[in-house]
Amino acid sequence: SQQLLLKMRPNGLPDEQTFEFRHVEAENLEQGELLLKTLYISVDPYMRGRMSNQDSYVEPFQIGEPLAGGIVAQVMESRVDDFKSGDIVRGNLPFQEYNTVKADNVSKVNTHGLSPSTALGVLGMPGLTAYFGMMHIGEPKKGETVVVSAAAGAVGQIAGQLAKQTGARVVGIVGSKEKADYITEKLGFDAAVEYKAGNLEAQLQKTCPNGIDVYYENVGGEIGDAIWPHLNNFARVPVCGAISSYNLKEEEVDLGPRVQQFLIKSRVKMQGFLVGDFAKDYKEAYKVLAEGVSAGKLIFEETIHEGFETIPKAFNGLFTGENIGKQLVKITEA
Ligand code: NDP
């Protein structure tokens, strides 16, 4: 069975020095354990932080140890009463083709008749993140203007649609024409800003003539800077991520927060959050997300790479913006 491990901490975007593949033997199964076959692996932007040796909300990956993250797997063998061979489960697990785990490290997945991959996207961590960040912190209201950055990604695609359902006007910031078409034509966003096309300021003025009431922050950097002057009084800014800074090299000086003057002037509420803060309300979110998907009211995409060896490429693709919707690696069929 293959495993992907961290070989060297990257400085900037990970490259061929960063990762290594290794063969490992599956461990013997003991009472209380499951043997799992990995079906889908989730690559997520936050994993970049764990590749650095920095103090954060999750501990760094260790050099020589496997990477880990969201996995959907199938039970091959069970020595636990509540699980049987064939069950589909989800967990935060080492990036391996097979894992032997204690049963309390995974939970059964209700796929609602959809592909099990959705448990890593719209009906998983990114969907929950979009829901809580937008609905509990952003709190959009009818007629307000909501802007979502990384709007065609796993979190952004859901966050924008949830805002739209409240009757807000929703504008998405994206890196390509294809993504702009996706969010406006397929997801029903009111407008798109293509930040790579230049003249962000003019694009924002045109798409947000009444200012911005909620800015769902996924990217930070220059995009954030362009947004701040447009924030209306009492705007809300759920700070979900800042992907534009994740691959800054050690020698690249971050200019630091440049937002304070605007927060004060416009009495903006800006709040960082982690999806895990809302664990007690996951049920509420799953219900809204699953019902939205079943009713065809929440549309989503997945970009799926095939094969264990594509994990590094799929991960880096998050930073070049190659994905529409949730970026995943399919390892094998159920
Ligand atoms: P996405 O599916 O949105 O993939 C990342 C996207 O970010 C890319 O497709 C790309 O789209 C965009 N991007 C990459 N680099 C830049 C850049 N330099 N400037 C602007 N846009 C860029 O990822 P997720 O939906 O999984 O995550 C989105 C954000 O949410 C991330 O910041 C992540 O860290 C955060 N997050 C936070 C959580 C929390 O609990 N707080 C939980 C989950 C995610 P484009 O082509 O448009 O540039």
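The values are calculated or read from the model by the stated rules, or taken from the named source; none is laboratory data. Remember, it's a predicted structure, so these values are computed and weren't measured experimentally. Note: ideal-geometry Cβ built from the backbone for every residue, glycine included; neighbour counts use all protein chains shown.
Descriptive notes on the structure:
- Of residues in the stretch 304-320 being outside any helix (DSSP H, G or I) and buried (at least 17 other Cβ atoms within 10 Å of the Cβ), the one farthest from the chain's Cα centre (by Cα): His305
- Residue in the stretch 276-288 that is assigned to a strand (DSSP E or B), more than 16 Å from the ligand (Cβ to nearest atom) and either touching a residue at least 12 places away in the same chain (Cβ under 8 Å) or closer than 22 Å to Arg236 by Cα (or both) present: no
- Among (1) assigned by TED's automatic domain parsing to the domain that holds Asn218; (2) among the acidic types (Asp, Glu); (3) away from the ligand (no atom under 14 Å from the Cβ); (4) surrounded by fewer than 17 Cβ atoms within 10 Å (Cβ to Cβ) - the single one Asp104 does not satisfy: (1)
- Any hit, the stretch 217-228, residues being under 18 Å from Glu144 (Cβ atoms), at pLDDT 95 or above and not in a loop (DSSP other than H, G, I, E, B): yes
- Pairs, first closer than 15 Å to Gly160 by Cβ and not assigned by TED's automatic domain parsing to the domain that holds Gly167 in the stretch 190-202, second acidic (Asp, Glu) and within 16 Å of the ligand (Cβ to nearest atom), C-beta under 6 Å, six or more apart: none
- Of all the residues in the stretch 128-157, those that are within 10 Å of the ligand (Cβ to nearest atom), small (Gly, Ala, Ser) and not in a strand (DSSP E or B) number 7.
- Residue in the stretch 163-177 that is surrounded by the fewest Cβ atoms within 10 Å (Cβ to Cβ), counting only those that are under 16 Å from Ile299 (Cα atoms) and in contact (Cβ under 8 Å) with a residue 40 or more places away in the chain: Gln165
- Checking each residue in the stretch 168-209 for being small (Gly, Ala, Ser), assigned to a loop (DSSP other than H, G, I, E, B) and over 21 Å from Ile243 (Cβ atoms) picks out Ala168, Gly188.
- Selection status of Lys313, touching a helix residue (DSSP H, G or I) at 6+ places or on another chain (Cβ under 8 Å) and either in the same structural domain as His23 (by TED's automatic domain parsing) or of a type in the set (Lys, Arg) (or both): no
- The single condition among (1) under 16 Å from Gln327 (Cβ atoms); (2) within 11 Å of the ligand (Cβ to nearest atom); (3) not hydrophobic (A, V, I, L, M, F, W, C) that Ser115 does not meet is (2).
- Leu298, sole failed condition from (1) away from the ligand (no atom under 16 Å from the Cβ); (2) assigned to a loop (DSSP other than H, G, I, E, B); (3) surrounded by 14 or more Cβ atoms within 10 Å (Cβ to Cβ): (1)
- Residues that are in contact with a Ser or Thr (Cβ under 6 Å, 6 or more places away or on another chain), within 16 Å of the ligand (Cβ to nearest atom) and not small (Gly, Ala, Ser), drawn from the stretch 45-77: Ile71
- Condition check for Glu250: within 21 Å of Leu318 (Cβ to Cβ), away from the ligand (no atom under 15 Å from the Cβ), out of contact with any Ser or Thr (no Cβ under 7 Å at 6 or more places or on another chain) and outside the structural domain of Pro10 (by TED's automatic domain parsing): yes
- Flag for Ile223 being under 19 Å from Asp190 (Cβ atoms), surrounded by fewer than 23 Cβ atoms within 10 Å (Cβ to Cβ), in contact (Cβ under 8 Å) with a residue 24 or more places away in the chain and within 12 Å of the ligand (Cβ to nearest atom): yes
- Restricting Arg236, Arg258 to residues that are away from the ligand (no atom under 14 Å from the Cβ), in a loop (DSSP other than H, G, I, E, B), touching a residue at least 12 places away in the same chain (Cβ under 8 Å) and in contact with an Asp or Glu (Cβ under 8 Å, 6 or more places away or on another chain) narrows the list to Arg258.
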